[in-house]
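So the structure is just underneath, and the comments pick up after that.
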Amino acid sequence: LIHLLSTEGLPRDILTHILDTAANFVSVSDREVKKVPLLRGKSVFNLFFENSTRTRTTFEIAATRLSADVINLDIARSSASKGESLLDTIANLSAMAADLFVVRHSESGAPYLIAQHVAPHVHVVNAGDGRHAHPTQGLLDMYTIRHYKKDFSNLTVAVVGDVLHSRVARSDIHALTTLGCAEVRVVGPKTLVPANMAPMGVRVCHTLEEGIKDADVVIMLRLQNERMSGALLPSSQEFFKSFGLTPEKLQLAKPDAIVMHPGPINRGVEIASAVVDGKQSVILPQVTFGIAVRMAVMSIVAGNVAN
Ligand code: CP
């Protein structure tokens, strides 16, 4: 693995290898072990052209714990604001001996463009591109599910909400189907679920009740207001009434179902606060596992850990 751009097409053995490698890093991400030297002498450039709290911070922590030098480019204060092109920015940062670019961009495909133009020894990890892919979120979601549920082959996983605009949904679905998840359901109003999803190996449900009935895992998605035009945008109250996950509706899922959300959360829009903060929520453990998973990804692509 030279770059990580998507979970689509990643073979099952590589997905499993990343999750197993992450499991070995949990003691480092928990701070029992302070650092490992796998990226010592390497420079990791965090390039977040779109805002982030969880992904950017956990990539920074992960790279630091791998002993890399970490450079967080402040995009708003960079010369991108003067019109410098993406590829010119990359060429100049490459001239500063970058080894790995972590890239978030609002344009789908931007990390692919960068990967096509960097030198062979330079690695690119997609930290979320438009509505296309968010592979490390997909991987940390798989890590979380495996942690709590052990085996994918018996699981029903419901992915609920604004599937249309969600790069997380796509990355989760590709990873879940590759890992042999028994049933993947996508759940949302017709306006927010793409029409052609069945070939991805999912069951499409247009009511929350059908979608989460007897589910083992419920992954809630944020309404991506910033990617919607006015006509598509449902009102928050309407959406919550039909697709908001409340404690009452969660009772339709299995009693030991876990609730996940990639964040940021719109409390009272796609999910009730009582569920976010409730006993079945594993939303904050997802964030913590993200450190070990991102350590695994960066060590595999750039740190000579076998792949
Ligand atoms: N889950 C996620 O990508 O969150 P951020 O946008 O805060 O990175």
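Quick note: the coordinates plus some simple rules give every number you see, no bench work behind them. As the structure is a prediction and not an experimental result, all values here were calculated from the model. Backbone-built Cβ (ideal geometry, glycine too); neighbour counts: all protein chains shown.
Overview of results
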quantity	calculated
Evaluated over region 135-283, the Cα radius of gyration and Dmax, each in Å	13.8, 42
Order of K34, K149 under a 10 Å beta carbon neighbour criterion, fewest first	K34, K149
Region 226-294: trypsin sites (Lys or Arg not before Pro) in DSSP loop, at most 14 other beta carbons within 10 Å	K279
Potential lengthening between N225 and K279 on full extension [0.36 nm per residue; Cα-Cα distance subtracted]	16.6 nm
Table column - 3J(HN,Hα) (Hz), region 258-271, Karplus curve with 6.51, -1.76, 1.60, x for Gly and Pro	9, 10, 10, 7, x, x, x, 8, 9, 4, x, 10, 9, 8
Computed helical MRE - 222 nm, the chain, DSSP H runs ≥ 4 contributing -39500 (n - 2.57), nearest 500	-11000 deg cm²/dmol
Sites E238 and E183 - FRET efficiency at Förster radius 30 Å, r taken between beta-carbons, to 0.05	0.60
5 angstrom amide H check on D162, placed H, neighbours 5+ away	L221
Euclidean distance between Cα centres, region 40-80 to region 132-184, Å	25
Neighbour-limited loop hits for GluC sites (Glu not before Pro), region 21-111 (at most 14 other Cβ within 10 Å; DSSP other than H, G, I, E, B)	E32, E84, E107
Modelled label reach - A91, point 7 Å along Cα→Cβ, region 119-135 residues with backbone N closer than 13 Å	119
Principal axis dimensions, the chain - Cα atoms, whole angstrom, descending	54, 43, 34
Qualifying GluC sites (Glu not before Pro) for region 177-223 [loop in DSSP, other Cβ within 10 Å: at most 12]	none
Assigned charges on the beta-carbon of Lys, Arg, Asp, Glu; region 135-283 dipole about Cα centre (debye)	160
Net length gained if the chain between H117 and N154 were fully extended (0.36 nm per residue, minus Cα distance)	9.1 nm
Region 234-245 - phi-based ³J(HN,Hα) in whole Hz, Karplus 6.51/-1.76/1.60, Gly and Pro as x	x, 6, 4, 5, 4, 5, 5, 4, 8, 10, x, 8
Counting DSSP beta bridges with both ends in the chain, the antiparallel % (nearest 5)	5
Potential lengthening between N24 and T57 on full extension [0.36 nm per residue; Cα-Cα distance subtracted]	9.8 nm
Two-site label geometry, T191 and I14: point separation in nm, points 7 Å out along Cα→Cβ	3.8
Among the listed pairs K150/K279; K149/K254; K149/K279; K35/K149; K254/K279; K249/K279, those beyond 22 Å (Cα-Cα)	K35/K149
Ranked list, fewest to most other Cβ atoms within 10 Å of each Cβ, for D162, D13	D13, D162
